[in-house]
Amino acid sequence: MAPDVAPGGGGGTGYGRLSLWWDEVPAPLPVRPALARDLQVDVCIVGAGFTGLWTALSLAVADPALRIVVLEKEVAGFGASGRNGGWCSALFATSDAALARLHGPDAMRAMRRAMQDTVGAVGASAAAEGIDCHFAQGGSVDVVRTEAQRPRAEAELRQARAHGFGEEDLRWLNAEETRALIGLDGALGSTFTPHCAVVQPALLARGLADAVARRGVALHEHTAVTSIEPGTPGAPPVVRTRGGTVTAEVVVRATEGWTPTLPGHKRSLVPVYSLMVATEPLGEAFWSGAGLHQRATFADYRHMIIYGQRTADGRIAFGGRGAPYHFGSAVRPSFDAEPAVHALLRRTLVELFPALGPARFTHAWGGPLGIPRDWHSSVGLDRRTGLAWAGGYVGDGVSTTNLAGRTLADLITAADSDLVHLPWVDHVSRRWEPEPLRWLGVNAGLWTMKLADRAETRHGRPSRLADRMGRLLGQ
């Protein structure tokens, strides 16, 4: 197996090192200068990832007269938006059972249906804005590879039926049906949902940045925000940067995995790193056996999350969790690479597709995602302070950010839509524990899932360790 090749690309700027996706961003990147003066606007958005850009676009469409500015420390799409697995799915971080328990069954179903609708909304919006992000809605397949994994698939199907979701939402495929969809080694069966698409996320993020700029939104890159100050009676919120101060009626925090770097937010979200690798483009001889002809995303029922897609140019982009949480919620470029985890991802992918043995791996990358203490994504607006937020996607943000952007636009413009009544609106998660409890707890959870998978491989029985951890997390 050949070693990874360091990518270049990224518009000739060196951003290609961030991911396979950034390596495919065409040159040159448009020049969007840093903020260099004080501004007074209607809405200031901190962060030019999917959340910030979808919010800006939704606001600009809803009210073209709004004065909107987006501030980004690096460049649009630099963070998770340009590095993720490209799954535009209906997955929501909180389980159906937890949503129903917290908000009631009707609210849970409304949330899930909104997520399902959002998959198509992303594709439609990208097409309307002329963004070629390789969108393809081929669904998603989760494969059962061992008898120890089968009970989790069966439980998921039972839960779906119990909550009112039928075969059109999630169905069982037997071994033969699974092999017709994906030639993954050792498949005993699988579950399949049509509510998922693949995208090239960096092209989507950069296209959204162009779209908001065309609509008159001011986008300042290379502008680090040093503080966000809430409004008080008679005084609006303020965003401070080294180049200028922005005063706005509403300030939207859209920083996800980088949220702990903002003053006062060290314990709001935990940044956990997810890592990825990608193969070279694979020939028809490989794909005739591997399938995925409609580009369904794929995973299996192990405890340590993995995720993959067939890219538009015939590669496999494959990722997983397993990188350690870093003390103090630290976020640093050096954490994007974990050689041991990248090596494990390569071995795992070859285990799933043995025909990959001689293939070359060309890219390896990573980045942080944001996890709230209760695993509950949220979006909201506090009119008293003028502060709005969205995030805590736990890695399921490609579609959820679109729903967040549309919801924030309705909240900010006071539109009484169905979106503003969804159960995640104004949900507030409690803060994470202080260190060293945070470091101990998060890494203990990661190790529990690793040990559970090893135990199941060794003994062939479902692990009780993972079940206990799930109950502890309220899932």
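The values are calculated or read from the model by the stated rules, or taken from the named source; none is laboratory data. Bear in mind the structure is a predicted one, so any value in this text is a computation, not a measurement. Note that we place each Cβ from the backbone using ideal geometry, even for glycine, and neighbour counts take in every protein chain shown. Surface areas here come from the heavy atoms of the whole protein model, side chains and all, with no ligands, DNA or RNA. Shrake-Rupley method; radii C 1.70, N 1.55, O 1.52, S 1.80 Å.
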Practice task
For region 112-127, indicate whether the set of residues that are of a type in the set (Asp, Glu), in a helix (DSSP H, G or I) and under 18 Å from the mean Cα position of the chain (by Cα) is non-empty.
Solution key: yes
Handout entry: Test set (1) in contact with a Lys or Arg (Cβ under 6 Å, 6 or more places away or on another chain); (2) open to solvent by 30 Å² or more (accessible area, probe 1.4 Å); (3) hydroxyl-bearing (Ser, Thr, Tyr) - Ser334 fails condition number
Key = (1)
Practice task
State the number of residues belonging to region 167-177 that are open to solvent by less than 40 Å² (accessible area, probe 1.4 Å) and more than 26 Å from the chain's Cα centre (by Cα).
Solution key: 2
Practice task
Evaluate the following for Ala323: is it at pLDDT below 95, on the phi < 0 side of the Ramachandran plot and surrounded by 20 or more Cβ atoms within 10 Å (Cβ to Cβ)?
Solution key: yes
Practice task
Look at Ser89 and say whether it is over 30 Å from Ala290 (Cα atoms), touching a residue at least 12 places away in the same chain (Cβ under 8 Å), surrounded by 17 or more Cβ atoms within 10 Å (Cβ to Cβ) and not hydrophobic (A, V, I, L, M, F, W, C).
Solution key: no
Exercise for the section: Could you give me the residue pairs with C-beta distances under 8 Å whose first residue belongs to region 412-437 and is touching a residue at least 24 places away in the same chain (Cβ under 8 Å), whose second residue is basic (Lys, Arg) and not in a helix (DSSP H, G or I) wherever it lies, and which are 6+ apart or on separate chains? Expected result: Ser429/Arg373; Arg430/Arg373; Arg431/Arg267; Arg431/Arg373; Trp432/Arg267; Trp432/Arg373; Glu433/Arg267; Pro434/Arg267
Completion exercise
Within region 130-150, restricting to residues that are open to solvent by less than 30 Å² (accessible area, probe 1.4 Å) and under 22 Å from the mean Cα position of the chain (by Cα), the one that is farthest from His293 (Cα to Cα) is Ile131
Fill in the blank from the handout: Checked against (1) under 30 Å from Arg315 (Cα atoms); (2) surrounded by 24 or more Cβ atoms within 10 Å (Cβ to Cβ), Cys44 satisfies every condition except (1)
Practice task
Determine whether region 373-389 contains at least one residue that is open to solvent by 10 Å² or more (accessible area, probe 1.4 Å) and within 30 Å of Leu292 (Cβ to Cβ).
Solution key: yes
Practice task
Can you tell me which residue among Val277, Val225, Val272, Val252 is more than 20 Å from the chain's Cα centre (by Cα) and not polar (S, T, N, Q)?
Solution key: Val225
Problem - Test result for Val225, buried (at least 21 other Cβ atoms within 10 Å of the Cβ) and more than 22 Å from Thr413 (Cα to Cα) - result: yes
Practice task
Scan region 197-224 and report the pairs whose first residue is over 13 Å from Leu59 (Cβ atoms) and assigned to a loop (DSSP other than H, G, I, E, B) and whose second residue is open to solvent by 10 Å² or more (accessible area, probe 1.4 Å) and among the basic types (Lys, Arg), with Cβ atoms within less than 7 Å and a gap of 6+ or a chain change.
Solution key: Glu221/Arg32; Thr223/Lys73; Ala224/Lys73; Ala224/Arg242
Fill in the blank from the handout: Restricting region 92-125 to residues that are of a type in the set (Lys, Arg) and without any contact (Cβ under 8 Å) to a residue 12 or more places away in the chain, the one surrounded by the fewest Cβ atoms within 10 Å (Cβ to Cβ) turns out to be Arg101
Practice task
Starting from region 455-466, take each residue that is surrounded by 18 or more Cβ atoms within 10 Å (Cβ to Cβ) and polar (S, T, N, Q) and list its partners that are at pLDDT 80 or above and not in a loop (DSSP other than H, G, I, E, B), counting only C-beta distances under 7 angstrom and pairs at least six apart or across chains.
Solution key: Ser463/Ala452; Ser463/Ala455; Ser463/Glu456
Handout entry: Selection count, region 344-366, where residues are surrounded by 15 or more Cβ atoms within 10 Å (Cβ to Cβ) and assigned to a helix (DSSP H, G or I)
Key = 9
Exercise for the section: Evaluate region 229-248: report whether one residue or more is touching a residue at least 12 places away in the same chain (Cβ under 8 Å), closer than 30 Å to Glu338 by Cα and open to solvent by less than 40 Å² (accessible area, probe 1.4 Å). Expected result: no
Handout entry: Meets criteria (at pLDDT 95 or above, within 24 Å of the chain's Cα centre (by Cα), over 23 Å from Gln309 (Cα atoms) and surrounded by 19 or more Cβ atoms within 10 Å (Cβ to Cβ)) for Ala153
Key = no
Practice task
Could you pull out the residue among Ala76, Ala148, Ala90 that is under 23 Å from Val212 (Cβ atoms), touching a helix residue (DSSP H, G or I) at 6+ places or on another chain (Cβ under 6 Å) and of a type in the set (A, V, I, L, M)?
Solution key: Ala76
Problem - The one condition in (1) part of a strand (DSSP E or B); (2) open to solvent by less than 10 Å² (accessible area, probe 1.4 Å) that Phe192 fails to fulfil - result: (2)
Practice task
Hey, can you tell me all the residues within region 280-298 that are at negative phi and either buried (at least 18 other Cβ atoms within 10 Å of the Cβ) or not small (Gly, Ala, Ser) (or both)?
Solution key: Glu280, Pro281, Leu282, Glu284, Phe286, Trp287, Ala290, His293, Gln294, Ala296, Thr297, Phe298
Practice task
Restricting attention to region 291-336, report how many residues are under 30 Å from Ser268 (Cβ atoms) and assigned to a loop (DSSP other than H, G, I, E, B).
Solution key: 13
